[in-house]
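Right, one structure below, let's go through it.
The values are calculated or read from the model by the stated rules, or taken from the named source; none is laboratory data. Everything quoted here is computed from the prediction, not taken from an experiment. Neighbour counts run over all protein chains shown; Cβ positions are idealised from the backbone, glycine included.
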Amino acid sequence: MDGPAGIKQIQELILRVINLSVGLVFFVLVIVLAIGGIKFLTSGGEQKAVQSAKSMITWGILGVVFMGLAWLILSLVEAFTGVKVTQFNLCVLFPGGVCP
């Protein structure tokens, strides 16, 4: 029988949630872009519908750009400082040997 959950298990859970949320965000952004494109194609030239579709597409593209910029900034911070900000590790908070 396994023992109680420790720091390593909490760290793995948080990593899974982060990975799942990043994938989910990109999936939602693709859906938003697709819906915006469909709205644009089916607007029939109506100005209000065209503007709504363009706004949806713009926000979808901005979402992708901001996600990419966030990763780029984290990578640059890591490159310039040497601090591993793109790796999640709770064991560094407990240097007394809590983590195996």
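Remarks
- All conditions but one from (1) over 30 Å from GLY6 (Cα atoms); (2) touching a Leu at 6+ places or on another chain (Cβ under 8 Å); (3) not hydroxyl-bearing (Ser, Thr, Tyr) apply to VAL85; the one that does not is (1).
- All of THR86, THR58 fail the test of being at pLDDT 90 or above, closer than 25 Å to LEU24 by Cβ and of a type in the set (S, T, N, Q), apart from THR58.
- Members of segment 27-46 found to be surrounded by fewer than 13 Cβ atoms within 10 Å (Cβ to Cβ) and not aliphatic (A, V, I, L, M), listed by number: PHE27, THR42, GLY44, GLY45, GLU46
- Among the residues examined, ALA53 qualifies as out of contact with any strand residue (DSSP E or B) (no Cβ under 9 Å at 6 or more places or on another chain), surrounded by 12 or more Cβ atoms within 10 Å (Cβ to Cβ) and at pLDDT 85 or above.
- Evaluation of TRP71 against (1) in a helix (DSSP H, G or I); (2) over 15 Å from the mean Cα position of the chain (by Cα) (one fails), failing number: (2)
- Checking each residue in segment 73-82 for being surrounded by 10 or more Cβ atoms within 10 Å (Cβ to Cβ) and free of Cβ contacts under 8 Å to residues at least 12 places away in the same chain picks out ILE73, SER75, LEU76, VAL77, GLU78.
- Condition broken by CYS91, with the remaining ones in (1) in a helix (DSSP H, G or I); (2) of a type outside the set (Phe, Trp, Tyr); (3) exposed (fewer than 11 other Cβ atoms within 10 Å of the Cβ); (4) at pLDDT below 90 satisfied: (3)
- Selection within segment 1-26 - among the β-branched types (Val, Ile, Thr) and either loosely packed, with under 13 Cβ neighbours inside 10 Å or within 19 Å of MET67 (Cα to Cα) (or both): ILE10, ILE14, VAL17, ILE18, VAL22, VAL25
- Condition check for GLY37: among the small types (Gly, Ala, Ser) and at pLDDT 90 or above: yes
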